[in-house]
Amino acid sequence: MTESFRRSGEYPEGDQHQSAYREQQYASSANPADSSTSSPVNPEWPPPPAYAPTALLTEPVSAAPRRRAKGPLALLAAVAIAAAAVGGGTAYAFQELAGSDTVATSSTTTSVLPASKKGSVAAVAEAVSPSIVEISATSNAGQATGSGVIITTGGEIITNNHVVSGASQIKVQLSDGKSYTAKVVGTDSKKDLALIKLENAPSGLKAATLGDSDGVKVGDEVVAIGSPEGLTGTVTSGIVSALDRDVTVSTDESQGQQQQQGGGSGQWPFEFGGQQFNGDTGSSTTTYKALQTDASLNPGNSGGALIDMNGNIIGINSAMYSAADASSSTAGSVGLGFAIPINTVKSDLDTLRGGSTT
């Protein structure tokens with residue numbers, strides 16, 4: 001007969017003994033006052049499990065200690081977590097953390113507006129207007145008025161090339177009425193885009209969030225903000241009327257200067273559908289795909305923002321038709337405007353920042 005050996009203090013075998021042991025342990029934990037009662041179990045040996053072990057429901061945790069991210073990596077990870085939690089509102093916060101030259105971008109579903117105000121023209125205007133500026137460009141031909149969109153807190157502004165083409169001096173008026181000088185960083189006449197930057201930019205600039213124009217659909221509601229005829233911060237609304245319209249504009253600097261004659265009330269000539277509007281585009285032209293909108297646009301809206309109802313910039317307003325021979329009773333916007341898709345802007349940004357002057 002094999003002799004059974006048990007270490008001193010080891011719990012006895014058998015269901016009845018184990019049951020009694022568990023009842024004693026439960027009573028001890030339920031009555032802390034009795035915890036001083038001596039236990040028959042040697043403290044060097046752990047008590048038996050209360051139930052039979054079962055299979056893990058999750059993947060086993062590695063025994064190796066996990067290293068915590070440090071420095072900038074941890075900061076970016078924290079920002080990413082915050083973005084997932086609160087949506088588009090973190091786009092601006094990320095820009096502030098990452099640096100003044102970082103552009104905030106978002107998807108088609110991201111909203112920079114509070115959930116309770118989504119879809120409101122007033123809410124879009126309130127959120128985005130601080131990011132829209134009025135641009136006055138002076139050249140030998142005179143002075144033109146256009147618009148622009150602040151894209152970084154460091155003072156970078158996107159506008160149309162024809163707004164600043166040939167300008168010897170550029171003045172920018174912010175939404176708070178304060179004015180600053182700006183310099184041209186880069187231009188791309190083939191896409192009618194220009195990047196300018198404020199000199200001695202103030203702190204606290206609010207940069208717009210650049211959306212995703214590939215997700216725009218015909219019929220989507222939009223808001224336009226700019227400075228038509230020098231009326232700073234004018235807000236209009238409408239819908240996206242069509243996509244991928246072939247719009248042809250001049251790449252000739254002298255054509256850009258035409259609008260500067262007459263105090264900036266000139267028309268920017270363009271071609272669409274085989275016809276010329278607002279004058280002669282000249283012999284040097286370029287064609288780009290544009291968003292068409294019926295939101296009211298007038299001279300001075302050039303370079304301003306076309307915005308979706310989540311508050312994201314989806315286009316830079318660039319061309320609008322206005323009947324040159326219209327009488328005073330019918331003059332004004334006829335609901336035929338065009339905007340450069342914001343994805344075109346984003347793809348061209350590095351070139352503009354590199355100082356291109358094409």
Problem - Conditions (1) at negative phi; (2) in contact (Cβ under 8 Å) with a residue 40 or more places away in the chain: number failed by G142 - result: (1)
Handout entry: Wholly enclosed strands (runs of 3 or more DSSP E) of the range 257-320 bearing at least 2 residues at pLDDT 90 or above
Key = 285-293, 305-308, 313-320
Exercise for the section: Pull up the range 345-358, narrow it to residues that are assigned to a helix (DSSP H, G or I) and either open to solvent by 40 Å² or more (accessible area, probe 1.4 Å) or of a type in the set (A, V, I, L, M, F, W, C) (or both), then point me to the one that is farthest from K289 (Cα to Cα). Expected result: R353
Fill in the blank from the handout: The one condition S147 fails out of (1) without any contact (Cβ under 8 Å) to a residue 40 or more places away in the chain; (2) of a type in the set (G, A, S); (3) closer than 18 Å to V249 by Cβ is (1)
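Here's the yes/no breakdown for (1) at pLDDT 95 or above; (2) in contact with a helix residue (DSSP H, G or I) (Cβ under 7 Å, 6 or more places away or on another chain); (3) open to solvent by 20 Å² or more (accessible area, probe 1.4 Å); (4) not basic (K, R):
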residue	(1), (2), (3), (4)
V121	yes, no, yes, yes
S129	yes, no, yes, yes
G154	yes, no, no, yes
V184	yes, yes, yes, yes
Exercise for the section: Considering only the range 204-232, state which residues are surrounded by fewer than 18 Cβ atoms within 10 Å (Cβ to Cβ) and closer than 16 Å to G300 by Cα. Expected result: E229, G230, L231
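The values are calculated or read from the model by the stated rules, or taken from the named source; none is laboratory data. From a predicted model like this one, the values you see are computed outputs, not experimental measurements. Because the Cβ atoms are built from the backbone with ideal geometry, glycine has one as well, and the counts that use them run over all protein chains shown. Calculation scope for accessible area: heavy atoms of the full protein, side chains included, ligands and nucleic acids excluded. Shrake-Rupley method; radii C 1.70, N 1.55, O 1.52, S 1.80 Å.
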